[in-house]
Amino acid sequence: MHCMNNKWIGVVGWPLKHSFSKRIHEENIQRQGLGWEFRVLEWEPKDFEKNIQELKQDQSCVGFSVTMPFKEKIISHLDECEKFAQNVSSVNCVKNRNGKWVGTNTDAPGFLAHLNQWNPVPPKTVTSVVLGVGATGRTLSFALAEAGYKNFIFINRTFEKAQEWGEKLGHYFSDIRVEIGEWGDPRFHGDDGLRMTNIFILNTTPLGMKGSTLEWLDIVRLQNPVWLFDVTYNPAETLLIRQCKSRCFYTMNGWPMFEAQAKLAFEIWIS
């Protein structure tokens, strides 16, 4: 196996101190008996273009994961990009196939696999409230629409971005209902807020990592059944998850999706 020693895989992102990629993939490498190295490429956004050009020249790189904030930026550097990843402008896995970079999105299948193991699974009639329309928010909402979910509310700090994504998703799926909410949507707090039920909240913002929560998302407004998916996996229990658990809502953190997407990425690299 010594001929493999110069080969490596890695993860590109900023910041990466929360990431478990190295741990998970080094176990994969060992299990497969490969001599590969795993590299953590923590790049400041201002250095991305320069660093990616250098990386492109490195033929010992088998492939790499892409995480925040580069899942969209990477696309213009690819030679090929699968359709789903193109539609949502989000690539989280790159494979070097004979010198050509091929991009895919393994987040969506990773997410759907675990969505379907939830007990109970959020029914297709839920209203999916997607917080954040960055790479992950776009990926998960597109995957849900493909899976037959019809009602969406998009809430993003920049209202225009949520509007833009809502319109784009509506072009792909003519039978869905899309609403755009303000960041700090009054329906979710205050005395005149709605008593909302049968909703599926997807927090795709990094708020949980920072230990903060959405001051305007008043959990008391919500009545079961409520599902919450928080993309953060470190810490395993964010404030938002704790609040929802205390009301006996169904919660899931980002770990199952992270684990599943990593497994799929590794399969792509060794194939």
Among residues of the stretch 62-103, those that are over 18 Å from I24 (Cβ atoms) and part of a strand (DSSP E or B), counted: 8
Answer from F152, F70, F64 - the residue that is at pLDDT 95 or above, in contact with a Cys (Cβ under 9 Å, 6 or more places away or on another chain) and of a type outside the set (D, E, K, R): F64
Test: V40 is closer than 19 Å to G134 by Cα and either outside the structural domain of K161 (by TED's automatic domain parsing) or exposed (fewer than 15 other Cβ atoms within 10 Å of the Cβ) (or both): no
Every residue from the stretch 30-61 that is farther than 18 Å from L16 by Cβ and of a type in the set (A, V, I, L, M): L34
Qualifying residue in the stretch 100-123 (condition: touching a Leu at 6+ places or on another chain (Cβ under 9 Å) and of a type in the set (S, T, Y)): yes
Within the stretch 213-250, considering residues that are among the hydroxyl-bearing types (S, T, Y) and closer than 22 Å to V133 by Cβ, the one surrounded by the fewest Cβ atoms within 10 Å (Cβ to Cβ): T213
Pairs where the first residue, in the stretch 100-125, is more than 17 Å from G137 (Cβ to Cβ) and the second is part of a loop (DSSP other than H, G, I, E, B) and among the polar types (S, T, N, Q), C-beta under 9 Å, 6+ apart: G103/N92; T104/N92
When residues of the stretch 200-237 are limited to those that are of a type in the set (A, V, I, L, M, F, W, C) and under 18 Å from R138 (Cα atoms), the one modelled with the lowest pLDDT: L207
Residue that is under 20 Å from the mean Cα position of the chain (by Cα) and under 25 Å from F48 (Cα atoms), where the choices are G148, G134: G134
Every pair of residues 6+ apart whose Cβ atoms lie under 8 Å, when the first sits in the stretch 235-258 and is outside any helix (DSSP H, G or I) while the second is of a type in the set (D, E) and modelled with pLDDT of 90 or more: T238/D230; T251/D230; M252/D230; N253/D230; N253/E237; G254/D230
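The values are calculated or read from the model by the stated rules, or taken from the named source; none is laboratory data. Remember, predicted model here, so these are calculated numbers, not experimental data. Virtual Cβ from ideal backbone geometry, glycine too; neighbours counted across all protein chains shown.
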